[in-house]
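The values are calculated or read from the model by the stated rules, or taken from the named source; none is laboratory data. This one's a predicted model, so the numbers in the text were calculated from it and none came from an experiment. Cβ atoms come from the backbone with ideal geometry, glycine included; neighbour counts cover every protein chain shown. Note: accessible area is taken over every heavy atom of the protein model, side chains too, but ligands, DNA and RNA are not part of it. Shrake-Rupley method; radii C 1.70, N 1.55, O 1.52, S 1.80 Å.
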Amino acid sequence: MYKRLWRCTMRVAVVLFSVVVLQACQADLYSGLDERQANQMISELSKHGVQAGRKAAKDGSLTVTVDESQFATAVQILEASGLPEAHFASLGDVFKSNGLVASPTQERAQFVYAMSQELSNTVSQVDGIRTARVHVDLPDDDARRRTNRAASAAVFVRYDAGVDIEPLIPKIKSLVAGSISGLDYERVSVIPIAAPAQAGSDIPRMTTWMGISIPEQSAGKLTQLAVLMVLLIAGLAAVATWWRARRSLRSVRTYRQSPGNG
């Protein structure tokens, strides 16, 4: 019986160890990030109790990792927070030399695209703005002479629901109009869209329990369960010890009561 109880105890310990090991497996959450993006994501996940790490790739980019058990929760948290931030091409990226001679039309298209990317990046940095897209329409000289069409721009912004967007709209329009030569303030339109309020409020806060990420409300129950298991194992060990001592004592008595051993 002692050996049977010992085997049972060891099986329980092996199962608990396996659970901890499986929970410790890391999964790649997002890759190809710069340091700022990775730090923002790790900080946001930490606010919700999700432990995240990062690792570097050969090209210098970073990858954010989380426990496999918390992968889905981490994705929900980051999507609700608008992370990772969108990457915008700079003027240097757009006009990077590729060894080919571009036509005037291609150069103009590249210029308009580069301006849109630069302005989108700038507007996205405004506090309260999650994402922004700036679309610029710059007619060339020939089209302007024929139709007298003026330059224009449309700005789409997605902002936090708690932000008062109205005071920001004139500032965004002034920024865009002042950044493009020949673009009038009145020719800039801003389309604001509010993000869902507290999109991640229904995501449970996480905590670490024996190296495992779990919801905070479950930590107390798991602690009670762990204490009960320890008491159960201790009780089984005590019963096994008592049973073994009793058998040993019975064997000694039997030996002494045997003829010739008195």
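Assorted remarks:
- Number of positions in the stretch 138-157 that are outside any loop (DSSP other than H, G, I, E, B) and either at pLDDT 90 or above or surrounded by fewer than 14 Cβ atoms within 10 Å (Cβ to Cβ) (or both): 12
- Residue 100 at negative phi, more than 36 Å from the chain's Cα centre (by Cα), at pLDDT 75 or above and hydrophobic (A, V, I, L, M, F, W, C): no
- Qualifying residue in the stretch 194-206 (condition: farther than 23 Å from residue 127 by Cβ, at pLDDT 80 or above, out of contact with any Asp or Glu (no Cβ under 9 Å at 6 or more places or on another chain) and open to solvent by 50 Å² or more (accessible area, probe 1.4 Å)): no
- Whether a residue is of a type in the set (Asp, Glu) and either modelled with pLDDT of 85 or more or open to solvent by less than 50 Å² (accessible area, probe 1.4 Å) (or both) was assessed, and residue 127 passes this test.
- Only a single criterion out of (1) under 24 Å from residue 171 (Cβ atoms); (2) modelled with pLDDT of 80 or more is not satisfied by residue 82, namely (2).
- Residue count for the stretch 41-50 satisfying the condition of being modelled with pLDDT of 85 or more and open to solvent by 20 Å² or more (accessible area, probe 1.4 Å): 4.
- Number of the condition not met by residue 210 [criteria: (1) at pLDDT below 75; (2) of a type outside the set (Gly, Ala, Ser); (3) open to solvent by less than 90 Å² (accessible area, probe 1.4 Å); (4) in contact with a Leu (Cβ under 9 Å, 6 or more places away or on another chain)]: (3)
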